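Below is one structure, written out as structure tokens; the observations come after it.
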Amino acid sequence: MKEIKSLIDLIGNTPLVQVKTFDTGSCNLFLKMENRNPGSSIKDRVALKIIEDAEKSGELNENATIVEATAGNTGLGLALIAKLKGYKAKVVILDKMNENKIFHLKALGAEVFKARSDVGPDSPEHYVNVAKKICNETPNSFMASQFTNPSNPSAHELTTGPEILRQLDGKVDAVVCGVGTGGTITGLGRFFEKNSPSTDMILADPKGSIIKDIVEKREPREADYSWLVEGIGEDFVPSITDLDLVSKSYWISDKESFTVARDLLRKEGILAGSSTGTLVAAALKWCIEQSEPKRVATFACDHGSKYLDKMFNNYWMLDQGFTDRKTHGDLRDLIARRHSTKEDFTLEENLPVMQAMKNMRLYDISQMAVLNEGGQVVGILDESDILLAVTNDSANFQKPVHEFMTTELSTLTADKSIEDLMPLFAEDKVAIVFDQDNYLGLITKIDLINHLRKQLPR
């Protein structure tokens, strides 16, 4: 058994697992478990190759600072390896990426900068350009440059590709990849072109990205920056990318990506990230289209624990409009957390203020309905009520919420219109919605904003 001297020795040689509970037609679909890498993503391979090659070339000096623009995973790989090798790391991450990645990066000791996700590659605020500026301003720094660095595809050509071919006993009909930096699809494409020429490279691209258009030799539409899937999809073609290696491409919506990723956990027990959902969704489409048995490989690109508060959160899925539920054509459709289906968070009137505050922090909400023993709404408690209660007397933390709640309630029946909400919101109130005598839930300003946003075309 090979001696493990550090976490670096655990990068690569990830297992391959067959997907058995999805409809793959006559095909066999295999998932390479890249979330088993120490940094929990496929990008560990790239980070290691970039750093080791830079060390060999002399570009990376002792006590240097590694700088990179990333969706998070390459940054995590770089930060991890930098920590193990004695370097510092500065990481620029898009503002739409999951905050858990930021927490992880900071815990590794990396300095993190956020950049806008709604600007094009020519903007100085584009995350790649922000990273270049930071690198120029940081003494003894090295820009990893995953979008242009040949070490990126080389990592997959030298390690990932041979592993897949060996694990599938030399028989691989198709490999499904996304394009973030272009390293995976290019490196694997080069490897299989040399070692298994019959293997098709399949592109999975989020809707809103321009890569599929380029593959199909069309004039690319302007990227709309709308996709929420992390790590793949681009508004430009990275220079290391060879899209001529791609034989077929699919656009996959966020809703389909997230649904498939959730199903992957529910059916197969595999907790994988959002881009994995995109890849598997595209792989399933390709499999179903085949008229004879094929062997197909794709990836669990990163670990799903980074997305527990997003796509694995039922309420987040609901707020984003990715979960279908019964509509009524009235104010009930604006209630984010419906009381009848126990989606909402409420308080008992005798609950101590301290516990009410803890509940607000736990559920990240600023106001809650207060119910009596009969389940009737008797008040509203919000952050302002708590603040007024405890500012002059901290002993009030232990008193029941009914002593401090607002009892002048702003109620509306479900058949009222959005226009009826506006006077309440102008007075900084929330709407308490009833159907006859039945409490249905609260409508806040942000609920209305989310409702209007969901009406926009995707």
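Working note: Karplus 6.51/-1.76/1.60 with θ = phi - 60° gives the stretch 420-427 the couplings 6, 6, 4, x, 5, 5, 5, 9 Hz, where Gly and Pro are set to x. Both radii were evaluated on the Cα set of the stretch 186-316; the Rg over Rh quotient, with Rh as the Kirkwood radius, amounts to 0.97.
Close amide-amide hydrogen proximity is noted between SER141 and THR65, each under 5 Å apart and 5 or more residues distant or on a separate chain (H modeled in the peptide plane; Pro and chain starts excluded).
Could you give the size of the charge dipole of the stretch 325-454 about its Cα centre, using +1 on the Cβ of each K and R and -1 on the Cβ of each D and E, expressed in debye and rounded to the nearest 20? Show your work: numbers first, answer last.
On the way: 14 positive and 22 negative charges, 127 e Å.
The dipole magnitude comes to about 600 debye.
A straight Cα-to-Cα reach below 24 Å connects LYS416 with the lysines LYS326, LYS342, LYS429, LYS445, LYS454, residues fewer than 8 places away in its own chain not being considered. By the rule of a C-alpha distance below 12 Å, with chain neighbours fewer than 8 residues away ignored, the aspartates and glutamates paired with LYS399 are GLU349.
Can you give the local net charge around PRO423? Use residues other than it whose beta-carbon is closer than 15 angstrom to its beta-carbon, Lys and Arg +1, Asp and Glu -1. The partial results should precede the final answer.
Values: positive: LYS416, LYS429, LYS445; negative: GLU408, GLU419, ASP420, GLU427, ASP428.
That sum, taken over residues with Cβ under 15 Å, equals -2.
Close amide H pairs (under 5 Å, H built 1.01 Å from N) link LEU347 with ALA369, VAL370, LEU371, residues at least 5 positions away or on another chain. Full extension of the segment from THR411 to GLN455, taken as 0.36 nm per residue of separation minus the current Cα-Cα distance, would add 13.3 nm.
With respect to the chain, whose longest principal axis is taken over its alpha-carbon atoms, helix 127-137 is tilted by about 70°. With a cut-off of 15 Å on the backbone N, the residues of the stretch 329-352 near the modelled label site 7 Å out from GLU373 along Cα-Cβ are 348-351. Packing around the peptides 178-190, 296-308, taken as the average count of other Cβ atoms within 10 Å per residue, puts them in this order, highest first: 178-190, 296-308.
Peptides 157-166, 43-52 ordered by packing proxy, namely the average of other Cβ atoms within 10 Å per residue, highest first: 43-52, 157-166.
Taking 7 Å steps out from each Cα toward its Cβ at ASP324 and ARG361 produces label points 4.1 nm apart.
Restricting the calculation to Cα atoms, the chain shows an Rg/Rh of 1.04 when the hydrodynamic-style radius is the Kirkwood one. Taking 7 Å steps out from each Cα toward its Cβ at GLU125 and LYS399 produces label points 4.7 nm apart.
Listed by chain and number, the lysines whose C-alpha is less than 30 Å from the C-alpha of LYS294, apart from same-chain residues fewer than 8 away, are LYS20, LYS32, LYS43, LYS171, LYS194, LYS207, LYS212, LYS217, LYS248, LYS255, LYS267, LYS285.
Highest mean packing first, where packing is the average number of other Cβ atoms within 10 Å per residue, the peptides 63-70, 143-150 line up as 63-70, 143-150. Once backbone amide H atoms are built at 1.01 Å from N, LYS114 has ILE93 as its partners under 5 Å, excluding neighbours fewer than 5 places away on the same chain. Rounded to the nearest whole Hz, the Karplus-based 3J(HN,Hα) values (6.51 cos²θ - 1.76 cosθ + 1.60, θ = phi - 60°) of the stretch 439-444 follow the sequence 6, 9, x, 9, 10, 10, with x at glycine and proline. Computed from label points 7 Å out along Cα-Cβ, the spacing between GLU292 and ARG166 is 2.9 nm. With Cα atoms as the point set, the stretch 43-143 shows a radius of gyration and Dmax of 12.8, 37 Å.
Since every read-out is calculated from the coordinates, none of them should be taken as a lab result. Just so we're clear, the structure is a prediction, and the values are computed from it rather than from any experiment. For neighbour counting, all protein chains shown are included, and Cβ atoms are generated from backbone atoms with ideal geometry for every residue, glycine included.
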